[in-house]
Amino acid sequence: MAIGQKIKQAATVRTTRALRERLESLIFSRYPDKEWATYFLFVTHRQPEGKVITVVDLIEPQRDDLDSTTAIVRFTEPYSLRAALEKQKRGLCVGVIHSHPQDYGVHPSPLDDNMDSYYRDYFPAFGKEVAYFSLIFSRTEKGDIRFSGRGWGDNKEFQLTEIVTVSDNEIRRATAGCQPSAAAGFRNQYHERFEQIYGADAAARLRNARVTIIGASGTGSPAAHVLARAGVESFVLIDPQRLAKSNLERLH
């Protein structure tokens, strides 16, 4: 870990099945190629394992609240102000939930970084509640749901580890990263064994990580292979050499 780097603390999101279904219907409404979004209201409390985020309500976009002429999410200022005033009136926290296009993944993009950097300062100015959270959802062609999340509050940074969905007769837990939908029911056995040994939090951190490997031959190549099997989905591989017959035996 680099000197001065903040340690991210774990966070769990809790929601009802009705809110979860309403949310997915909204943010996937322009699928497969276009994103959509909503603000949401939430409360937080501490538990021994980390911060718990309880979703209270969605502040759904109305006509012209989001720019429908672009494929990405672009909030209008009146919509942001409406969400901020609702936060102030109800004494709650406000955050953003948006989708990435189908099969795109849920790693925050540079545009997401800019958005969160702005809103983490903007919304806390409205009322005493200072927490801000941002969630990203994506759905594969097979229907598998992926999600990630991060947040800020109390001078700490948080990483979403799971979402707990509560209905009248059951409680469903889903780990952040690549998650199968209820219809899919498939989990990679290697990933399951990894979670059994190292825990769900470590597996989620790997799935949400971006790993840079400098030198992709005899050492870097098998390292990438092992990390990919462990769940890492995003790599930057750096090697000035071209692939050639003379170095094939060193490459995975």
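The values are calculated or read from the model by the stated rules, or taken from the named source; none is laboratory data. Note that the coordinates shown come from a computational prediction; the quantities given were computed from them, not determined experimentally. Cβ: placed from backbone, ideal geometry, glycine included. Neighbour counts: every protein chain shown.
What the table below lists for this structure:
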quantity: Tabulated pairs, the range 232-252, first closer than 30 Å to D201 by Cβ, second modelled with pLDDT under 70 and part of a loop (DSSP other than H, G, I, E, B), C-beta under 6 angstrom, 6+ apart or interchain; calculated: none
quantity: Residue in the range 62-77 that is over 20 Å from G153 (Cα atoms) and touching a Phe, Trp or Tyr at 6+ places or on another chain (Cβ under 6 Å) present; calculated: yes
quantity: Positions within the range 215-240 being surrounded by fewer than 12 Cβ atoms within 10 Å (Cβ to Cβ) and farther than 30 Å from T175 by Cα, in sequence order; calculated: T219, I238, P240
quantity: Test: residue in the range 95-104 that is buried (at least 20 other Cβ atoms within 10 Å of the Cβ), among the β-branched types (V, I, T), assigned to a loop (DSSP other than H, G, I, E, B) and assigned by TED's automatic domain parsing to the domain that holds P32; calculated: no
quantity: Any chance S181 is more than 21 Å from the chain's Cα centre (by Cα) and either modelled with pLDDT of 75 or more or within 24 Å of F42 (Cβ to Cβ) (or both); calculated: no
quantity: Selected residue (criterion: surrounded by the most Cβ atoms within 10 Å (Cβ to Cβ)) from residues of the range 119-149 that are closer than 18 Å to L92 by Cα and basic (K, R); calculated: R120
quantity: Selection status of L111, surrounded by fewer than 16 Cβ atoms within 10 Å (Cβ to Cβ), out of contact with any helix residue (DSSP H, G or I) (no Cβ under 7 Å at 6 or more places or on another chain) and over 24 Å from A204 (Cβ atoms); calculated: no
quantity: Residue check, F194 aromatic (F, W, Y) and at pLDDT 85 or above; calculated: no
quantity: Matching entry among E35, E60 (being of a type in the set (D, E), over 27 Å from K128 (Cβ atoms), touching a strand residue (DSSP E or B) at 6+ places or on another chain (Cβ under 9 Å) and at pLDDT 95 or above); calculated: E35
quantity: Test: residue in the range 219-233 that is at pLDDT 85 or above and part of a strand (DSSP E or B); calculated: no
quantity: Residue under evaluation P78, criteria (1) more than 24 Å from A176 (Cβ to Cβ); (2) within 17 Å of the chain's Cα centre (by Cα), criterion not met; calculated: (2)
